[in-house]
1. Against the condition over 14 Å from LEU118 (Cα atoms) and assigned to a helix (DSSP H, G or I), how does LEU55 come out, does it pass?
2. Specify the residue that is modelled with the lowest pLDDT; the eligible residues are those in region 151-182 that are open to solvent by less than 90 Å² (accessible area, probe 1.4 Å) and of a type in the set (A, V, I, L, M).
3. Would you pick out the residues in region 73-82 that are in a helix (DSSP H, G or I) and surrounded by 14 or more Cβ atoms within 10 Å (Cβ to Cβ)?
4. Whether any residue in region 60-74 is in contact with a Gly (Cβ under 9 Å, 6 or more places away or on another chain) and not hydroxyl-bearing (Ser, Thr, Tyr) is what I want to check.
5. Is at least one residue of region 32-49 open to solvent by less than 20 Å² (accessible area, probe 1.4 Å) and among the small types (Gly, Ala, Ser)?
6. Kindly indicate whether ASP144 is modelled with pLDDT of 95 or more and surrounded by 10 or more Cβ atoms within 10 Å (Cβ to Cβ).
7. Starting from region 188-215, keep only residues that are touching a residue at least 60 places away in the same chain (Cβ under 8 Å), then list their pairs with residues that are open to solvent by 80 Å² or more (accessible area, probe 1.4 Å) whose Cβ atoms are within a distance under 8 Å, requiring at least 6 positions of separation or different chains.
Amino acid sequence: MSEKDTKKKPQNLTDKWSHLKRQLKQRQLLLYKAEIPIDLINEYLHKTPSDNEILRIESAILKDREEKTTRIRAGIQKYVGHLKSPQLGKNIGVSDTTIREIWTGNQITATYDIIDKLELYLNQNYGFELSIENTLTVREFLDDEVDILIKRISDISKSLQEVPKSIKKIVEKGEYEYQLFNDFSKHYFPTPIDTLNRQKENLNSVIVELQSLFDSFIKTEAKI
């Protein structure tokens, strides 16, 4: 790697290399797949290679992602099926659209984050073999996903804490509040009942997702 290679280059390539380098560090098998010589690994990870080399390595990583996505597609088609694929998205915290596009082949290069989650789910439920470099554990995955659900529960709790004040306010005033936008348009503020119904739906959604996570990733211990 010559000194001129490390000089100023277009920002998009600099950003691209920063992203690629992170992936190389996290998934070190990619160093082998990208055919980076062993004696140059340290140099690659601390300097910036030529533009052509960045694009070559990007191509090698995209090929790896495409191969893994193809393998994942075969797994979800075999074990999950098309009708149940939307539920799979809920199980791993990925959008239904993304799962559907992987299933149909419209998305041929999923991100490593999604690949790792899908492999973990299929491994835990159907014995699907994990990629060598997939280091995602059930505990790590659940910690992240449950933290998101806990935040949603906390937001619901905060919203519900305001409901008693709203109830008292309406009773004291003897009417609902509304905002007059013009002579013909009124916008009523959500009533306590509106808020309770909305948060009941939100809480039901959290319950379903949490139960799904538990069913998919936590074994039930049989008690005698």
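1. Judged against the criteria, LEU55 is a match.
2. Step by step, filter region 151-182, then rank; the result is ILE170.
3. ARG73, GLY75, ILE76, GLN77, TYR79
4. yes
5. Within region 32-49, one or more residues are open to solvent by less than 20 Å² (accessible area, probe 1.4 Å) and among the small types (Gly, Ala, Ser).
6. No, not satisfied.
7. Pairs found: VAL208/LYS90; GLU209/LYS90; SER212/LYS90.
A quick yes/no check of all residues on (1) in contact (Cβ under 8 Å) with a residue 24 or more places away in the chain; (2) in contact with a Pro (Cβ under 9 Å, 6 or more places away or on another chain); (3) part of a helix (DSSP H, G or I):
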{"position": "ILE99", "(1), (2), (3)": "no, yes, yes"}
{"position": "GLN107", "(1), (2), (3)": "yes, no, no"}
{"position": "TYR121", "(1), (2), (3)": "yes, no, yes"}
{"position": "ILE153", "(1), (2), (3)": "yes, no, yes"}
{"position": "LEU160", "(1), (2), (3)": "yes, no, yes"}
{"position": "GLU172", "(1), (2), (3)": "no, no, yes"}
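The values are calculated or read from the model by the stated rules, or taken from the named source; none is laboratory data. Nothing here was measured: the structure is a model prediction, and the numbers come from that model. A quick note on method: Cβ atoms are made from the backbone with ideal geometry, for glycine too, and the neighbour counts reach across all protein chains shown. Note: areas computed on protein heavy atoms with side chains; ligands, DNA, RNA excluded. Shrake-Rupley method; radii C 1.70, N 1.55, O 1.52, S 1.80 Å.
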